[in-house]
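Inspection log for the structure reproduced underneath, given as structure tokens.
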Amino acid sequence: MHRVSQGGRKSRGPRLWAAVRGLPHTLRADLWTVARDPLPRMRWLGRLPHTLVVAAAVLMGWVNADRYKVDFGPAPGTTVVVLAVLQSGAVVLALSRPVPAWWLSTIALFLARNASEVEISYHGLWSWSIPGIALHALVLFLLALRVRPRVAAEALGFSFLAAVAALAFLSPVPDQALLPGAAPPVLASSAQDVTVLQDAVFFTCAVVLGAALRGRRVARNQLVEQEVLTAGERARRTLLEERNRIARELHDVVAHHMSVISIQAQVAPHLVKDPTDELKENLAGIRGSAVEALTELRRVLGVLRSEEALADGVRHTPQPTLGRLDELVGTVRGAGLKVTTEITGEVRPLSPGVELSAFRIVQEALSNALRHAPGAEVRVALGYRSGGLTLRVANTAPDRPAPPSPGAGHGLLGMHERTAMLGGELATGPTPDGGYEVTAILPAQAARPADPREPAS
């Protein structure tokens with residue numbers, strides 16, 4: 001234990017010495033800069049705080065000049081004006097360049113205390129005039145609003161040193177120069193201590209308040225950024241979940257066709273009299289490829305299945321098609337929704353992906369109407385065209401408020417994903433009578449994904 005303690009003290013020593021040696025470099029990097037850092041606009045007040053700061057700088061600068069005329073004895077009027085303008089200008093400069101403004105204010109305060117013989121006694125509680133202290137505190141406040149707390153603390157420390165230096169370089173006031181009622185010079189030391197303490201309180205309060213407001217603003221901005229990232233991640237996760245669900249459904253369709261291909265390739269040689277070896281070999285290759293593809297599909301499906309997968313009996317139920325539309329409508333009517341159907345054109349079977357997507361879009365639209373439009377009437381229209389299928393699900397305005405729905409659904413997102421996957425078009429939105437409408441145009445065959453090797457048309 002003793003060795004560890006000694007080692008800990010030895011290891012802390014070099015680190016402390018390295019920190020001390022790096023202090024000048026740190027101070028130069030933090031305070032020796034003219035970087036522009038404008039005060040941001042407020043969300044509700046806009047530029048009003050900037051205007052108020054400028055007005056306060058002008059008003060306190062005018063009061064400060066009058067005070068200097070009283071405090072400075074033989075100093076010329078030009079000196080008073082220059083010092084007052086420098087201190088007020090530092091506040092205005094702090095709106096855009098806080099660190100250079102702090103340097104300007106600190107130098108102006110030092111000159112204001114030592115530029116001329118001051119005709120006041122040491123018993124005063126201020127090392128500078130009250131307006132001058134207020135202006136410098138405002139500069140420190142504006143600095144702490146923009147810079148890191150470490151930089152604000154460094155500026156505060158240098159301000160304390162400036163206050164001490166201002167009193168240290170001040171020449172003693174002779175007895176005959178004291179104002180009536182002034183304390184004798186013997187009290188100078190204690191009065192200087194009280195003076196510096198008063199300045200420290202004002203400057204510290206300004207820095208602490210500015211740093212606290214900056215920390216609150218930074219925390220709020222980080223919270224907003226985190227909310228944006230969270231919303232984006234939630235939307236991305238929702239999209240991936242919906243795509244996985246669609247992929248699981250389409251797997252059943254593809255797996256069915258692959259199984260049919262495998263069986264037909266196996267049976268085909270028996271349907272031909274004296275099949276050639278070449279034919280048998282080709283059919284065997286087709287069957288082998290189908291079986292291999294089916295195996296890979298099942299492996300992919302195992303990845304896509306969630307932990308809360310359905311029971312095997314439900315999982316392996318054939319995927320629905322438009323042939324089960326009447327069954328779906330009957331179920332919804334049993335739940336209390338008034339539904340009418342209309343089918344135009346020549347009814348014919350479509351590709352399995354189109355049939356499945358059309359059924360799911362109608363199913364989701366009816367579910368949304370049942371959930372969000374109680375008491376409304378719904379009309380389902382299917383139009384078979386030469387190029388594909390047009391479906392429209394529209395409901396009237398609800399006759400009573402809808403009950404709150406727990407969580408956000410993926411219905412509209414799923415519709416868009418299914419339509420985009422097939423290369424179709426989807427339009428959703430409210431109707432003029434207060435209802436809602438979903439219209440989808442699906443091609444007869446799913447669009448083939450673009451081959452990157454093919455030249456663009």
Is there a residue being in contact (Cβ under 8 Å) with a residue 40 or more places away in the chain, open to solvent by 20 Å² or more (accessible area, probe 1.4 Å) and either closer than 22 Å to residue 241 by Cβ or part of a helix (DSSP H, G or I) (or both) anywhere in region 389-407? no
Is it true that residue 412 is over 17 Å from residue 438 (Cα atoms) and open to solvent by 20 Å² or more (accessible area, probe 1.4 Å)? no
Going by the structure shown, is residue 371 within 29 Å of residue 336 (Cα to Cα), charged (D, E, K, R), at pLDDT below 90 and open to solvent by 70 Å² or more (accessible area, probe 1.4 Å)? yes
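For region 233-249, check the following and say yes or no: at least one residue is part of a loop (DSSP other than H, G, I, E, B) and either β-branched (Val, Ile, Thr) or open to solvent by 40 Å² or more (accessible area, probe 1.4 Å) (or both). Working first, answer last.
To start, the set of residues in region 233-249 that are part of a loop (DSSP other than H, G, I, E, B) comprises none.
No, there is no match, as no residue in region 233-249 is part of a loop (DSSP other than H, G, I, E, B) and either β-branched (Val, Ile, Thr) or open to solvent by 40 Å² or more (accessible area, probe 1.4 Å) (or both).
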Between a residue in region 130-155 that is more than 10 Å from residue 207 (Cβ to Cβ) and without any contact (Cβ under 8 Å) to a residue 60 or more places away in the chain and any residue that is open to solvent by less than 10 Å² (accessible area, probe 1.4 Å) and part of a helix (DSSP H, G or I), which pairs come within a Cβ distance under 7 Å, given they are 6 or more apart or on different chains? 139/90; 139/91; 139/101; 139/102; 139/105
Would you mind stating whether residue 328 is under 44 Å from the mean Cα position of the chain (by Cα) and outside any helix (DSSP H, G or I)? no
Return yes or no: is residue 177 under 30 Å from residue 356 (Cβ atoms) and either modelled with pLDDT under 70 or out of contact with any His (no Cβ under 6 Å at 6 or more places or on another chain) (or both)? no
Is at least one residue of region 349-361 closer than 14 Å to residue 437 by Cα and within 43 Å of the chain's Cα centre (by Cα)? yes
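The values are calculated or read from the model by the stated rules, or taken from the named source; none is laboratory data. What you are looking at is a predicted structure, and each value in this text was computed from that prediction instead of being measured. Cβ coordinates were reconstructed from backbone atoms using ideal geometry, including for glycine residues, and neighbour counts include every protein chain displayed. Each accessible area value is taken on the protein alone, full model and side chains, heavy atoms only, with ligands, DNA and RNA left out. Shrake-Rupley method; radii C 1.70, N 1.55, O 1.52, S 1.80 Å.
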